[in-house]
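The structure appears right after this line, and notes come after that.
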Amino acid sequence: MLGGIILLNQVCVLTVKVDDIKKAVEFYTNVLSFKVSKYYGEKLVSLIHNEIPIVLEETEPFDTETRQSVLFGILSENLDKDVEALKAKGVSLLFDEPQPCPPGRFTIIKDPAGNQIELVEFSS
């Protein structure tokens, strides 16, 4: 935050929702030639990418016609302050409080069209 202005304009991660993590890793590594950076348990894998990290996350099967399958994350330097400022502006949040994740904490907001955007604060 700079002088009370929220600075949420730096994309820091791209999450791809998949229904089978093993098949997804096989596709992204063998077909598209990505390399695995790190496994965060059985359902979350980070791929090596020069600019923005790409994360594959296994979720329950869903209809991609009605549900978003790619989610981009925006860097937050202070998630608690940003959440309060966004609430004050009437932004729709999926969680009342930031949630833990392997690299730190996150929350998800919705844009006016209902698209989900992840806000991520990395642990020091």
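The values are calculated or read from the model by the stated rules, or taken from the named source; none is laboratory data. The model shown is predicted, which means the values in this text are computed figures rather than measured ones. Don't worry about glycine lacking a Cβ; one is built from the backbone with ideal geometry, like all the others, and counts go over all protein chains shown.
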Exercise. Check the range 35-52 and report whether any residue there is modelled with pLDDT under 90, out of contact with any Asp or Glu (no Cβ under 6 Å at 6 or more places or on another chain), under 17 Å from VAL120 (Cα atoms) and not charged (D, E, K, R).
Key: yes
Scanning the range 66-91 residue by residue, those among the polar types (S, T, N, Q) and at pLDDT below 90 turn out to be THR66, GLN68, SER69
Filter the range 82-113 for residues that are under 24 Å from ILE52 (Cα atoms) and among the charged types (D, E, K, R); the one that is nearest to the chain's Cα centre (by Cα) is ARG105
Of the candidates LEU56, LEU47, LEU75, the one satisfying the condition of being within 17 Å of ARG105 (Cα to Cα) and of a type in the set (A, V, I, L, M) is LEU75
Scanning the range 95-121 for residues that are more than 18 Å from GLU57 (Cα to Cα), surrounded by fewer than 16 Cβ atoms within 10 Å (Cβ to Cβ) and at pLDDT 90 or above gives PHE95, GLU97
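Among the candidates SER69, SER92, SER124, which residue alone is under 21 Å from TYR40 (Cα atoms), in contact with a strand residue (DSSP E or B) (Cβ under 8 Å, 6 or more places away or on another chain) and of a type in the set (Gly, Ala, Ser)? Full working, then the answer.
Numbers: SER92 fails: under 21 Å from TYR40 (Cα atoms); SER124 fails: in contact with a strand residue (DSSP E or B) (Cβ under 8 Å, 6 or more places away or on another chain).
Just a single option satisfies the conditions, and that option is SER69.
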Those residues of the range 34-59 that are within 13 Å of ALA24 (Cα to Cα) and either β-branched (Val, Ile, Thr) or exposed (fewer than 12 other Cβ atoms within 10 Å of the Cβ) (or both) come to a total of 7
Of the residues in the range 83-124, those that are under 19 Å from SER69 (Cβ atoms), acidic (Asp, Glu) and part of a strand (DSSP E or B) number 1
Does at least one position in the range 79-86 carry a residue that is surrounded by 13 or more Cβ atoms within 10 Å (Cβ to Cβ), in contact with a helix residue (DSSP H, G or I) (Cβ under 9 Å, 6 or more places away or on another chain) and over 26 Å from VAL25 (Cβ atoms)? no
Checking LEU94, LEU119 in turn, the sole residue that is touching a residue at least 12 places away in the same chain (Cβ under 8 Å) and touching a Gly at 6+ places or on another chain (Cβ under 8 Å) turns out to be LEU119
